[in-house]
1. State yes or no: is Thr278 more than 16 Å from the ligand (Cβ to nearest atom) and crowded, with 16+ Cβ neighbours inside 10 Å?
2. Among the listed residues Glu201, Glu210, Glu229, Glu240, which satisfies the condition of being crowded, with 19+ Cβ neighbours inside 10 Å and out of contact with any Cys (no Cβ under 9 Å at 6 or more places or on another chain)?
3. Of all strands (runs of 3 or more DSSP E) completely enclosed by region 84-156, which ones contain at least 3 residues that are assigned by TED's automatic domain parsing to the domain that holds Glu210, within 16 Å of the ligand (Cβ to nearest atom) and in contact with a strand residue (DSSP E or B) (Cβ under 8 Å, 6 or more places away or on another chain)?
4. For the structure I just gave you, tell me whether Val172 is within 16 Å of the ligand (Cβ to nearest atom), part of a helix (DSSP H, G or I) and in contact (Cβ under 8 Å) with a residue 24 or more places away in the chain.
5. Please determine whether any residue of region 208-222 is farther than 23 Å from Pro173 by Cβ and within 16 Å of the ligand (Cβ to nearest atom).
6. Report the residue count in region 247-265 for those that are assigned to a loop (DSSP other than H, G, I, E, B) and either outside the structural domain of Glu210 (by TED's automatic domain parsing) or in contact with a strand residue (DSSP E or B) (Cβ under 8 Å, 6 or more places away or on another chain) (or both).
7. Could you list all residues from region 182-227 that are of a type in the set (A, V, I, L, M, F, W, C), part of a helix (DSSP H, G or I) and in contact with a His (Cβ under 7 Å, 6 or more places away or on another chain)?
8. Quick one: which of Leu55, Leu124, Leu87 is closer than 20 Å to Ala256 by Cα and modelled with pLDDT under 90?
Amino acid sequence: MITRDDARAVRLAWAEGEIEVEQQQQPALGLAWEGWRTEPRNRHGEWTRLSGQALLGGLLSRARDDGAGKSSNGASDKEMQASVLGLTQKTSDGVPGMFGRNEHLDFDGKPPRLFDPAADPGLLADIDWNGHMSMSTDVASGIQDGLRHTDQPIAVPGAFTVPLHEMIHATVPAGQKRSTNGDKQAYQDYAQAQIEEGFTELGAIQHAKEFFTTAGIGDRKVLDKGSLEQQQHLADINGEPFVPDLSAHRTMSAMADELNDPARIRQGRAWHRYPAQTAQAFEWASMIAQMRTGKGEDDPATRREIQRVADEVNAVGTAAKLYVMARHVNGDMSPDEEKTVMPVVEASIRDNWKQGAGAQVTFATARTVAAQRLQALRQSERAAA
Ligand SMILES: [Zn+2]
């Protein structure tokens with residue numbers, strides 16, 4: 001049940017930072033943007049596999065008492081914070097470099113504030129507009145557990161992509177701050193928030209392997225419960241003692257490669273977060289990439305270009321993403337023309353994205369709008385000359 005106080009607390013938190021709230025709960029919390037549409041969870045009915053417990057209740061309890069968490073593995077808050085801090089210290093310098101040369105991270109580099117996961121629905125982490133990260137104790141304990149038991153497979157691999165997702169949000173051009181560059185305002189707009197989350201999660205999928213390598217966990221094995229159960233089952237049938245064979249388990253790097261797959265991304269089966277938004281961002285990136293290479297999606301050059309397109313969008317904050325996408329539609333005009341035409345193109349992309357139009361329709365509409373505006377502008381310039 002969500003009380004009015006709860007809803008108010010969530011709205012406050014929503015306005016203050018980028019919180020990851022399960023889509024279906026947003027209307028109940030008064031987070032509805034204009035043009036709200038509910039969306040199904042991924043095909044497994046899960047919001048996330050991160051132990052299935054990182055939930056909005058955590059945000060509510062955080063809003064109420066800034067609550068200290070209890071970890072599922074018995075680690076203290078200090079231990080969890082130290083582990084997450086160790087991970088972000090190791091990786092944060094490398095994150096802006098994933099997206100270009102001039103980017104920097106608007107992240108304070110402090111230990112995360114922890115909050116307690118409770119009942120339905122989902123919140124994993126957030127990074128506020130001053131660059132401070134908060135994290136569910138479910139996610140933090142997954143990271144702590146994985147980093148501490150280096151002799152065992154990692155049980156919650158997805159936990160490690162949560163800080164990556166948050167740091168991608170915080171990646172902005174040099175000299176910018178998200179609190180003052182318009183990102184905070186832009187995120188209150190439905191379409192721009194969808195674009196922000198979709199591309200951010202796409203970036204986390206595409207850069208997970210690189211991130212794991214920098215974190216020093218790329219070669220670590222991922223716990224494969226299915227395979228262990230099967231081994232146990234076989235041992236039972238054969239009446240043999242159960243000796244787990246971990247060689248069958250894949251590594252974190254192999255898992256990252258496997259999940260960075262067009263079919264999985266389209267089905268929301270990569271890291272199981274923001275499935276619809278990520279699929280829509282991917283469609284855009286793939287379409288632009290195919291136009292640039294002149295080759296199909298499976299071509300290696302196109303695959304590299306898809307990541308490059310997503311990187312271009314992720315290299316800027318929330319507010320400037322529409323501009324980058326508008327440049328994808330039409331980058332061929334003078335700076336003066338751009339000033340007149342680009343805002344119209346951005347508005348067109350935003351309107352179509354809001355209505356859930358696919359990438360193709362959004363692009364085609366925006367291209368028509370751009371051509372018409374440019375033609376009108378050039379005609380009026382000729383008339384004046
Ligand atoms: Zn996010």
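1. On the way: more than 16 Å from the ligand (Cβ to nearest atom): no; crowded, with 16+ Cβ neighbours inside 10 Å: yes.
For Thr278, the condition - more than 16 Å from the ligand (Cβ to nearest atom) and crowded, with 16+ Cβ neighbours inside 10 Å - is not met.
2. Every option except Glu201 fails the conditions.
3. Numbers: elements: 103-105, 113-115, 125-128, 133-136.
Where strands (runs of 3 or more DSSP E) fall fully within region 84-156 and carry at least 3 residues being assigned by TED's automatic domain parsing to the domain that holds Glu210, within 16 Å of the ligand (Cβ to nearest atom) and in contact with a strand residue (DSSP E or B) (Cβ under 8 Å, 6 or more places away or on another chain), they are 125-128, 133-136.
4. no
5. The answer is yes; a qualifying residue exists.
6. 2
7. Hit for region 182-227 is Ala204, nothing else.
8. Working: Leu55 fails: closer than 20 Å to Ala256 by Cα; Leu87 fails: modelled with pLDDT under 90.
None of the other options fit; the residue is Leu124.
The values are calculated or read from the model by the stated rules, or taken from the named source; none is laboratory data. Please read all numbers here as calculations on a predicted model, not as lab measurements. Cβ atoms come from the backbone with ideal geometry, glycine included; neighbour counts cover every protein chain shown.
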